[in-house]
Amino acid sequence: MTDISDDAKRNREEWTRSNAAYTDATASSTWAAEEITWGVFGIPETPLGTLGDVEGLDVVELGCGTAYVSAWLARRGARPVGVDVTPAQLDTARRCQREFGIEFPLVEASAEDVPLPAESFDLAVSEYGAVIWCDPYRWIPEAHRLLRPGGRLWFLRNSTLSILCAPDEGAPTAELIRPQHGLGRLEWPGELGVEWQLPHGELFRLLRETGFDVIDLVELYAPKDAVDHSFYEGFSVEWSRKWPAEEIWVARKR
Ligand SMILES: C[S@@+](CC[C@H](N)C(=O)[O-])C[C@H]1O[C@@H](n2cnc3c(N)ncnc32)[C@H](O)[C@@H]1O
């Protein structure tokens, strides 16, 4: 692997710990899911239609983790390649590949500098992967390089509003706690990893200037029947019924 940024090294360490703490234990059940669902509240993809038909598409998942999204897409006829910086996460992905009999390439690399050829994919996806953990001024141009003209970039992240309302610890509140001006690289107290959250205006502009057209932006709220989820403590149902907890962006390479 080529040299990676100091932030990528920190995130690799964080995700080596998280893999041992919980992701290795939960990966099989996520791989097994028949339905594609998104985010904390498991919102089904089918009525949203953010991905479209993936049959026959070359897909790169940037920050694939245990690669269950790639597995879901492979079952629907896509040809995924997973990219992740953390060997432990890729080991879990390989174990799940054997368990479920779904094989696809896995590449150990930072999504800020991917050792794959330009214009070799139709779809680049990141579900809480590169979109959270990588410098957007590096990974979004990398996604653009990897995509063929007309190819789509799809990502799911926390909503900007949830970050503005988030205290240093615990779920978002009904108060604007942190300024939007200057929002970007985030270091949460007590966390080793480094996260990113660009506000909508800056992200929109970065996508446009990189050579993408934004074609969809879906804000995800807690559904009526949602119950508080013990695994992700980041959101309460009550908050997330009033404000979007997460958001899906889709952009097309010009
Ligand atoms: C929440 S997981 C998201 C992936 C997947 N959807 C999952 O839940 O397993 C975050 C992943 O981002 C990866 N990651 C963090 N920094 C990265 C970087 N610079 N390049 C590639 N992957 C990175 C971590 O190793 C981790 O596997």
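Here, each number is a calculation from the coordinates, and none is a lab measurement. Note that the structure is a prediction, hence the values are computed from the model and not measured. We place every Cβ from the backbone using ideal geometry, glycine too, and count neighbours over all the protein chains shown.
For this structure, a couple of remarks:
- Test item: Cα-centred dipole of the stretch 44-140, Lys/Arg +1 and Asp/Glu -1 on Cβ, debye: 300 debye
- Peptides ranked, highest mean first, by Cβ atoms within 10 Å: ranges 170-178, 12-20: 12-20, 170-178
- Cβ-Cβ FRET estimate between ARG208 and GLU119, R0 fixed at 25 Å, reported to 0.05: 0.80
- Taking every Cα-Cα distance in the stretch 6-253 and sorting them into 10 Å bins from zero, the calculated P(r) comes out as 7, 32, 40, 19, 1 percent.
- Packing-based order for 211-223, 119-131, using average beta carbon neighbours within 10 Å, highest first: 119-131, 211-223
- Note on the stretch 193-233 and the stretch 66-113: Cα centroid distance 22 Å, given to the nearest whole angstrom.
- Residue-averaged [θ]222 nm for the chain, counting only DSSP H segments that reach four residues, each worth -39500 (n - 2.57): -9000 deg cm²/dmol
- Ranked by how many other beta carbons lie within 10 Å on average, peptides 110-118, 134-142 from highest: 134-142, 110-118
- Interchain or long-range residues, amide H under 5 Å from ASP58's placed H: ARG79, ASP122, LEU123
- One decimal place: the segment GLN180-ARG75 gains 33.8 nm when fully extended, by the rule 0.36 nm per residue minus the C-alpha distance.
- Each Lys and Arg adds +1 at its Cβ and each Asp and Glu adds -1 at its Cβ; summed about the Cα centre, the chain shows a dipole of about 540 debye.
- Were the residues from GLU169 through ASP3 laid out at 0.36 nm apart, the gain over their Cα-Cα distance would be 56.5 nm.
- Only beta bridges with both residues in the chain are counted; by DSSP, about 55 percent of them are antiparallel.
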